[in-house]
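Trainee: This is the structure I want to talk about, given as structure tokens.
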Amino acid sequence: MANSDFKGASIRLIFDNGLDDKGKVKKKVKVYQNVTEEAAADAIFEVARVLGEFGTKPLMFLEKQKGETIYG
């Protein structure tokens, strides 16, 4: 049976950074590390909302990235 160990997590805030010369959306990414494994989606969303208010760009997406080591 395989097991896993939590290595770490981070959240990525992706902001709308306007349009390029071809009309495609440009994105600005800000990463915050040291997110706990137990962090709930509601809590992460609330933190991202508050952090997004510090900037001038609108928040497009929010991602939680989690790393685990899997071994047998």
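Just so you know, all these numbers are worked out from the coordinates, no wet-lab data involved. Treat the numbers as computed from the prediction; the structure is a model and nothing was measured. Cβ sites come from the backbone with ideal geometry, for glycine too, and all protein chains shown count toward neighbours.
Trainee: Would you check which residues across the stretch 1-30 are over 12 Å from E63 (Cβ atoms) and among the aliphatic types (A, V, I, L, M) and list them?
Mentor: M1, A2, L19, V25
Trainee: So A40 ticks every box in (1) of a type outside the set (S, T, Y); (2) surrounded by 13 or more Cβ atoms within 10 Å (Cβ to Cβ); (3) out of contact with any Ser or Thr (no Cβ under 7 Å at 6 or more places or on another chain) but one. Which box is left unticked?
Mentor: (2)
To keep it simple, each residue is scored yes or no on (1) among the hydroxyl-bearing types (S, T, Y); (2) without any contact (Cβ under 8 Å) to a residue 60 or more places away in the chain; (3) farther than 30 Å from M1 by Cα; (4) in contact with a helix residue (DSSP H, G or I) (Cβ under 7 Å, 6 or more places away or on another chain).
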{"site": "D42", "(1), (2), (3), (4)": "no, yes, yes, no"}
{"site": "V50", "(1), (2), (3), (4)": "no, yes, yes, no"}
{"site": "T56", "(1), (2), (3), (4)": "yes, yes, yes, no"}
{"site": "K66", "(1), (2), (3), (4)": "no, no, no, no"}
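Trainee: Give the residues of the stretch 1-35 that are surrounded by fewer than 11 Cβ atoms within 10 Å (Cβ to Cβ), assigned to a loop (DSSP other than H, G, I, E, B) and free of Cβ contacts under 8 Å to residues at least 60 places away in the same chain, sorted by residue number.
Mentor: Residues satisfying the conditions are D20, D21, K22, G23, K24, N34.
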